[in-house]
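See structure below.
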Ligand code: G6P
């Protein structure tokens with residue numbers, strides 16, 4: 001999704017803006033641009049279709065110099081990815097540019113606004129919804145003569161989602177930014193200020209950030225910033241130091257962020273458990289001080305999420321119903337938010353999100369708040385994100401920043417957090433301590449076991465060769481492993497572009513078996529649980545049709561390795577940890593297949609890390 005960086009400083013900001021864009025590349029985009037106020041007072045811009053490197057080349061041919069600027073990576077929504085549609089957009093009088101603006105989000109009422117401006121004689125040079133804002137702010141400046149007030153007046157007319165940054169020719173040391181529905185943070189430096197879609201974009205210059213609230217408009221000066229809330233009243237937004245940022249921003253010795261993030265899992269799983277287990281139980285205070293009062297009243301759970309986070313919710317459903325005895329529904333946010341819902345009494349509404357900014361998940365939370373739920377809980381990886389701020393209870397996953405578009409460590413830490421939550425609910429319901437104790441002991445083994453699974457990497461890499469020439473793959477699992485099969489298929493699709501589907505193994509005979517032949521590899525996840533014997537029968541069905549099988553099995557499972565049956569044995573583990581640990585070989589498999597196919601592993605085509613528009 002689009003990325004924004006802005007800077008007001010006393011030093012030249014061109015390189016800071018470019019580096020910020022490079023750090024936002026992981027979000028996904030198809031063009032990039034920058035606008036700078038030059039020492040002669042002119043606003044100038046450079047834009048390029050394609051990667052940030054193309055913008056860099058344009059800038060080295062024709063450099064820009066100045067200490068006030070904004071930059072953008074655009075993920076096309078309104079209008080194709082052309083240079084004319086790339087941001088920044090400008091507004092001015094004839095050839096003189098008065099202001100430049102970058103935008104992330106979608107303005108839903110841009111058409112009537114554009115028609116009105118065109119009727120007044122305004123000339124548009126792009127097909128974007130964004131350009132409307134540039135012209136509206138220019139017009140508003142003629143009345144207000146103050147950029148902050150002008151932006152505030154314009155954003156109050158907008159419907160939809162936006163994060164914007166604006167600079168004006170006549171305000172050499174001011175950068176105005178605003179947000180509603182799309183993320184934007186302020187970075188506080190020494191005698192300079194920045195804004196960005198994501199703190200990662202600004203880590204090169206600061207580790208102190210202020211998070212804007214919905215509807216806020218802010219003006220950044222050299223040595224301070226001021227914020228107006230949606231009602232136009234001055235408000236304070238605290239500046240918070242971000243501790244773990246720096247290590248996340250580099251690949252270290254790894255070839256890709258995705259591989260680094262897969263290998264970080266033992267550590268981040270340990271971080272997610274840290275301070276949350278005590279003796280033989282979990283500490284419900286991990287959910288915030290209100291949790292103790294709320295959890296005992298929960299009679300139902302509704303989980304809503306998107307993508308990989310939705311798969312985590314699907315696993316949690318099995319756990320919550322079995323271990324806490326609480327009925328649980330799970331739904332993708334884009335469906336849930338537009339449906340007439342019937343909310344059973346005392347239902348806890350849970351969102352799961354790595355970023356905390358996914359547009360559909362956030363909209364689902366806002367909708368849910370009007371539907372009479374008992375309360376809301378966000379399981380999220382980004383402190384200060386919209387979802388975290390707007391939920392009653394929060395449970396942080398401590399995965400650290402995830403850069404690879406294909407989610408890996410965020411997923412396994414979400415599962416870990418969901419197992420902790422399930423145990424907290426179980427404790428609140430006063431259910432038998434022995435099972436809780438057993439799972440708490442299991443959880444303590446999780447980081448070590450995860451490392452042992454990672455040690456199978458060479459074996460998994462060898463298997464990946466069988467996939468490089470294939471066009472389709474089928475993933476099978478039962479029970480909690482069905483969502484893991486879905487997640488395995490999603491990973492393979494996302495980064496290797498191989499069409500992959502996942503089925504609950506029991507559904508094989510109801511359709512997918514028709515597809516099985518020697519060109520359709522079948523991947524099965526086979527932990528040592530109650531459903532193992534049933535899964536083995538399903539695998540026989542595949543073998544009998546000449547299908548090539550790749551089985552990830554618990555070490556105690558007896559499935560013979562042969563030319564058509566490739567078996568990778570995982571260490572002995574409890575069934576509770578199996579969904580978390582069986583995810584890891586599927587991540588590695590997708591990674592190695594993508595390497596063989598030569599795809600862009602960290603930034604797969606057409607995909608975005610953070611989907612902040614609908
Ligand atoms: C995008 C990402 C996925 C992610 C999904 C939900 O599609 O590419 O990796 O699972 O959004 O994101 P969230 O931040 O809400 O977990």
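Here are a few things to note about the model shown:
- Residue 222 vs. criteria over 16 Å from residue 101 (Cα atoms) and out of contact with any strand residue (DSSP E or B) (no Cβ under 8 Å at 6 or more places or on another chain): no
- The stretch 323-343, residues that are more than 16 Å from the ligand (Cβ to nearest atom) and surrounded by 15 or more Cβ atoms within 10 Å (Cβ to Cβ): 323, 324, 326, 328, 329, 341
- For the stretch 466-504, residues that are more than 19 Å from residue 524 (Cβ to Cβ) and over 27 Å from the mean Cα position of the chain (by Cα) total 3.
- Selected residue [under 14 Å from the mean Cα position of the chain (by Cα), modelled with pLDDT of 95 or more, farther than 23 Å from residue 494 by Cα and surrounded by 24 or more Cβ atoms within 10 Å (Cβ to Cβ)] from 350, 379: 379
- Only one entry in 518, 462 is closer than 22 Å to residue 567 by Cβ, surrounded by fewer than 16 Cβ atoms within 10 Å (Cβ to Cβ), modelled with pLDDT under 90 and away from the ligand (no atom under 16 Å from the Cβ), namely 518.
- Residue, farthest from residue 347 (Cα to Cα), within the stretch 296-312, restricted to residues that are surrounded by 24 or more Cβ atoms within 10 Å (Cβ to Cβ) and away from the ligand (no atom under 14 Å from the Cβ): 302
- Whether a residue is within 9 Å of the ligand (Cβ to nearest atom), part of a helix (DSSP H, G or I) and under 22 Å from residue 181 (Cβ atoms) was assessed, and residue 387 passes this test.
- Residue 363 within 14 Å of the ligand (Cβ to nearest atom), buried (at least 21 other Cβ atoms within 10 Å of the Cβ) and part of a helix (DSSP H, G or I): no
- Which listed residue, of 181, 191, 187, 160, is surrounded by 22 or more Cβ atoms within 10 Å (Cβ to Cβ) and on the phi > 0 side of the Ramachandran plot: 181
- Pairs with Cβ under 6 Å, 6+ apart, first in the stretch 406-428 and under 20 Å from residue 259 (Cα atoms) and at pLDDT below 95, second part of a helix (DSSP H, G or I) and within 13 Å of the ligand (Cβ to nearest atom): 406/258; 406/491; 406/494; 406/495
- Residue check for residue 315: in a helix (DSSP H, G or I), within 16 Å of the ligand (Cβ to nearest atom) and at pLDDT 95 or above: yes
- Taking the criterion of being within 16 Å of the ligand (Cβ to nearest atom) and assigned to a helix (DSSP H, G or I), the residues of the stretch 398-420 that qualify are 409, 410, 411, 412, 413, 414, 415, 416, 417, 418.
- Flag set for residue 209, criterion: within 21 Å of the chain's Cα centre (by Cα) and more than 19 Å from residue 105 (Cα to Cα).
To keep it simple, each residue is scored yes or no on (1) within 24 Å of residue 66 (Cβ to Cβ); (2) part of a strand (DSSP E or B).
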position: 166; (1), (2): yes, yes
position: 173; (1), (2): yes, no
position: 180; (1), (2): no, yes
position: 183; (1), (2): no, no
position: 195; (1), (2): yes, yes
position: 201; (1), (2): yes, no
position: 206; (1), (2): yes, no
position: 215; (1), (2): no, no
position: 223; (1), (2): yes, no
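- Residue that is more than 16 Å from the ligand (Cβ to nearest atom), without any contact (Cβ under 8 Å) to a residue 40 or more places away in the chain and surrounded by 23 or more Cβ atoms within 10 Å (Cβ to Cβ), where the choices are 582, 552: 552
- The set of residues in the stretch 373-384 being in contact with a helix residue (DSSP H, G or I) (Cβ under 6 Å, 6 or more places away or on another chain) and either within 9 Å of the ligand (Cβ to nearest atom) or closer than 23 Å to residue 603 by Cα (or both) consists of 380, 381.
- Residues of the stretch 593-614 satisfying the condition of being under 28 Å from residue 305 (Cα atoms) and more than 16 Å from the ligand (Cβ to nearest atom): 593
- Only strands (runs of 3 or more DSSP E) whose full extent lies in the stretch 1-100 are considered here, and the ones with at least 3 residues that are out of contact with any helix residue (DSSP H, G or I) (no Cβ under 8 Å at 6 or more places or on another chain) and away from the ligand (no atom under 16 Å from the Cβ) are 31-37, 43-49.
The values are calculated or read from the model by the stated rules, or taken from the named source; none is laboratory data. The shown structure was predicted, so the numbers you read here are calculated from the model rather than taken from an experiment. FYI the Cβ positions are ideal-geometry reconstructions off the backbone, even for glycines, and counts take in every protein chain you see.
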